[in-house]
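Below you'll find the structure, written out as structure tokens, and then a few comments.
The values are calculated or read from the model by the stated rules, or taken from the named source; none is laboratory data. It should be emphasised that the depicted structure is a prediction, and the values quoted were computed from it without experimental measurement. Here the Cβ positions follow ideal geometry from the backbone for every residue, glycine too, while neighbour counts run over all protein chains shown. Each accessible area value is taken on the protein alone, full model and side chains, heavy atoms only, with ligands, DNA and RNA left out. Shrake-Rupley method; radii C 1.70, N 1.55, O 1.52, S 1.80 Å.
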Amino acid sequence: MMRGRGLVNRLAVIAAAFLAAAPACAEEGYALWLRHAPLEGEALAVLRAAAPIVPVMIDGPDSPTLAIAEDELRRGLAGLQGYERPRLTRDSVEIVLSCGDEKGDGAAGFAIAPERVDGRPAVVIAAEDHVGCLYGSFALLRALGQGQPLGEIRLTEAPAMPLRMLNHWDNPDGTVERGYAGRSIIDWWHLPEKLDPRLIDYARANASIGINAIAVNNVNARAFMLEPRYIAKLARLADAWRPYGIRVFLSARFSAPKDIGGLATADPLAPEVAEWWKAKADEIYAAIPDFGGFLVKANSEGQPGPQDYGRSHAVGANMLAAALGDRGTVIWRAFVYKVDDSTDRTMQAYAEFQSLDGQFAENVIVQIKNGPLDFQPREPFHPLFGAMPETRLMLEAQITREYLGQASGIAYLAPLWKEVLDADTGRGGTVAQIVSPVGMAGVANVGSDRNWTGTHFDAANWYAFGRLAWDPSLTAEQIAREWTAQTFVRAETPREHIARMMLVSRETVVRYTSPLGLTHLMGTGHHYGPAPWVCDLERPDWNPCYYHRADRKGIGFDRTAAGSNALVQYAPEVAAGWADPATIDDKYLLWFHHVPWDRRIKGGDTLWERLTAEYAWAEIGLQARMRGWEDLRGQIDAERHAAVAADMARELKDARWWRDASLAYWQSVNGLPLPAGARPIPESLEAYKARTFPEAPGQ
Ligand code: GCW
């Protein structure tokens, strides 16, 4: 039965919506893509005529989730209609939410269609459960926000992946590992009594793009976050986010039974250890009945794990999985490499995990970074994708730009993630097809900065991550367009301009940091600027020299059969495509091959000429982008225009630094002159080497 509101009630709600929707005074980016800026021209006229501010009807029982959906629609419609005084007419289109069960996670998605309800025109958002209706409400606003007329919106969508997750690398003291947008948004000190309202806005933004799981703390985890006082804090977060369809996960430290449990061991085969985890899980579920489970970084970069007791990853993960039972999931990371292992680092995860295929419990997911190294500006896809058919595999992406300029400049990451998702593994499908039955996790890039992500354009990465986890077949271009329309500007010309600028931005970063398949050349620790000369760190695989292998004759890492033979970890047809330096796609050339400086490569230039050109193209591209942005002055609000212009200026400066320092170093190795006409390098190699950055964030 339709539950409508009485007229008086409706007017009261209209008034409240009207006040709540008072326009923000400055464009600081806080509203993200939920800005709902007034439509213009015909789109505005159509919406105003069709759907005066309020009419949202709920067909069926109410719930906190539906109250949110209703509120979002009201806010959104008010914003899109330019806060006009509402007008109810007999012909007003009503938005009807027809939402089935209160319980449910929205997995069945939603359908939106114009219909007649009780003889009146309506747009019906139908779903099997309330979260589905919430997703549908946001989808309706997204379509309207791009200027689609209300009566023409027909959508039927369901998420492609069950788990659409953010991994926070936030520490309980408020710092964020690899965080570049201020401090953690989670104030553990004042929880559980005080919940920052920002955490509700956070849930809104996440729900609007379909994110349904959040691991709240750093994978380099502190054991005390499993203590009762933290469980109470976590429960407060879970309660706040539940109506938004978001489940909480906790990063768990494998040695917790020893660290906080008073046991002498954390051996996964010791009965008292298994009992300790079981009791811990029971305690968590008593407080958080829908707790998602544990995310674990084990035996990686100094973290404890089952191998400390001679047990495999599978044994460790399964012990935790048994503690959770059918209540939750263990997400076990495959990001591992060892101090005492001289195998090519990019081969170590495969070497440790592939043979464990089929040994992991049903409620274990193995989470694999997009590439075999570590979130570099470009990597080939991880060879474990497709190589563990009996294991649930999930993709881990990094939204925070640890190796791509952090919160400086612009790098729109959807093209990077698409490159991986669309890669054909040669073993049962593309990466997207392999992970779709499970999910995707992204290392979050949000912090306490007013605009959430440090730069305005970094919000596009958060947005794009959610959209791709919802539907990996979306193109980077589509996502850039829809984000731009909702965030900056809807008009075709400037919108296309911005979308195009976004689309090339990551490639530009690749050009000046990691051209032609070079990788991991960033400064030690902070991972910001260039340091290809670093060769003497204790662990060989922390040195840029380990990766570029530049010598007088050539540069690049030979991963063919003559070298580390990393190629053998890929399906034969994939490996064949990369095996020959003459035919491999240039973007992976130096990842897989050591190539003489004077070798002529595709296009006819020598490697050295081409390398120097890559840096120059990046510089030219950035200059053109700055001019293009200048042309948008007046079409974007002044605050954000100025902030982005400053980001761009910083990136140009950094790209020159990357080019100058890198070329100075390569020349010191190969003794070659710069090609004729190249811009001279302003400082000496020694001067670049001497730069230090104690103030660099996120370490
Ligand atoms: O990229 C590296 C980072 C570490 C991080 C690690 C990981 C959380 O430099 O800061 O630690 O990856 O993914 O575990």
Discussion item. Quick check on region 646-694: what are the equivalent-ellipsoid semi-axes from the Cα gyration tensor, as sqrt(5λ), descending, whole Å?
Written reply: 21, 15, 7
Response to the item:
Probe 1.4 Å, all chains present, heavy atoms only: K689 accessible area in Å², nearest 10, is 80 Å²
Response to the item:
With the dipole of the chain defined by +1 on each Lys or Arg Cβ and -1 on each Asp or Glu Cβ, the option from H130, A575, A26 whose Cα lies farthest towards the positive pole is A26
Discussion item. Please list log₁₀ I(q)/I(0) at q = 0.12, 0.15 Å⁻¹ for region 157-275, using the Debye equation with identical point scatterers on the alpha-carbon positions.
Written reply: -0.50, -0.74
Item to complete: Run the accessible area of region 492-633 with a 1.4 Å probe and give the carbon-and-sulfur part as a rounded percent.
Response: 54 percent
Fill in: Amide H within-cut-off set for S251, under 5 Å, with H built and near neighbours excluded
V216, N217, L295
Worksheet item: Going by a ≥ b ≥ c, the root eigenvalues of the Cα gyration tensor, does the chain fall in the rounded group (a/c under 1.5), the prolate group (a/b larger than b/c) or the oblate group?
Response: oblate
Fill in: Phi to ³J(HN,Hα) by Karplus 6.51 cos²θ - 1.76 cosθ + 1.60 over region 512-521, Hz, x for Gly, Pro
8, 10, 9, x, 6, x, 5, 7, 6, 9
Fill in: Sum of -39500 (n - 2.57) over DSSP H runs of 4+, divided by residues of the chain (222 nm, nearest 500)
-12000 deg cm²/dmol
Practice prompt. Please state the charge dipole magnitude for region 453-550, taken about the Cα centre, from unit charges on C-beta atoms (+1 on K and R, -1 on D and E), reported in debye and rounded to the nearest 20.
Written response: 160 debye
Fill in: Hz values of 3J(HN,Hα) by residue in region 231-240 - Karplus curve (6.51, -1.76, 1.60), Gly and Pro given as x
5, 5, 5, 4, 5, 5, 5, 4, 5, 5
Worksheet item: For the Cα atoms of the chain, what angle does the longest principal axis make with the long axis of helix 7-20, in degrees from 0 to 90, nearest 10?
Response: 30 degrees
Worksheet entry | region 243-259-region 625-699 distance, computed between alpha-carbon centres (Å) | 40 Å
Fill in: Crossing angle, helix 458-470 versus the chain [Cα axis fit, 0-90 degrees, rounded to tens]
80 degrees
Worksheet, complete the sentence: Computed for region 140-270: size of charge dipole around the Cα centre, +1 on C-beta of each Lys and Arg, -1 on C-beta of each Asp and Glu, debye to nearest 20, value 120 debye
Worksheet item: In degrees between 0 and 90, to the nearest 10, how far off the longest principal axis of the chain does helix 313-324 point, with axes built from Cα atoms?
Response: 20 degrees
Item to complete: First select every other residue whose beta carbon is under 13 angstrom from the beta carbon of G145; then total the charges, Lys and Arg +1, Asp and Glu -1.
Response: +3
Fill in: Nonlocal amide H pairs with R392, under 5 Å, H built at 1.01 Å
V366
Discussion item. Among DSSP bridges having both ends in the chain, what percentage is antiparallel? Round to the nearest 5.
Written reply: 30 percent
Discussion item. Using Cα-Cα distances under 8 Å and only pairs 6 or more residues apart, what relative contact order does the chain have, in percent?
Written reply: 11 percent
Worksheet, complete the sentence: Taking the alpha-carbon centre of each part, the distance from region 513-591 to region 340-419 in Å is 16 Å
Response to the item:
For region 689-696, Karplus-derived ³J(HN,Hα) couplings (6.51, -1.76, 1.60; θ = phi - 60°; whole Hz; x for glycine and proline) come out as 5, 7, 5, 10, 9, x, 7, 4
Practice prompt. Treating cross-link reach as a plain straight distance, find the lysines whose alpha-carbon is under 25 Å from the alpha-carbon of K103, omitting any fewer than eight places away in the same chain.
Written response: K233
Worksheet item: Taking a probe of 1.4 Å, how large is the accessible area per residue of region 163-474, in Å²?
Response: 28 Å²
Worksheet item: Near K258, which lysines are there with a Cα under 19 Å away, not counting those fewer than 8 places off in the same chain?
Response: K278, K280, K297
Worksheet entry | Check: the chain dipole with +1 on Lys, Arg Cβ and -1 on Asp, Glu Cβ, in debye | 980 debye
Practice prompt. With all protein chains present, calculate the accessible area of H382 using a 1.4 Å probe and round the result to the nearest 10 Å².
Written response: 10 Å²
Worksheet entry | Extreme residue, positive dipole direction of the chain, given options L589, L674, Q359 (C-beta unit charges) | L674
Discussion item. Projecting each Cα onto the charge dipole of the chain (Lys/Arg +1, Asp/Glu -1 at the beta carbon, about the Cα centre), which of G76, Q406, F335 comes out farthest on the positive side?
Written reply: G76
Discussion item. Can you classify region 501-654 as rounded, prolate or oblate using the Cα gyration tensor, where a ≥ b ≥ c are the square roots of its eigenvalues, rounded means a/c under 1.5, and otherwise it's prolate if a/b beats b/c and oblate if not?
Written reply: prolate
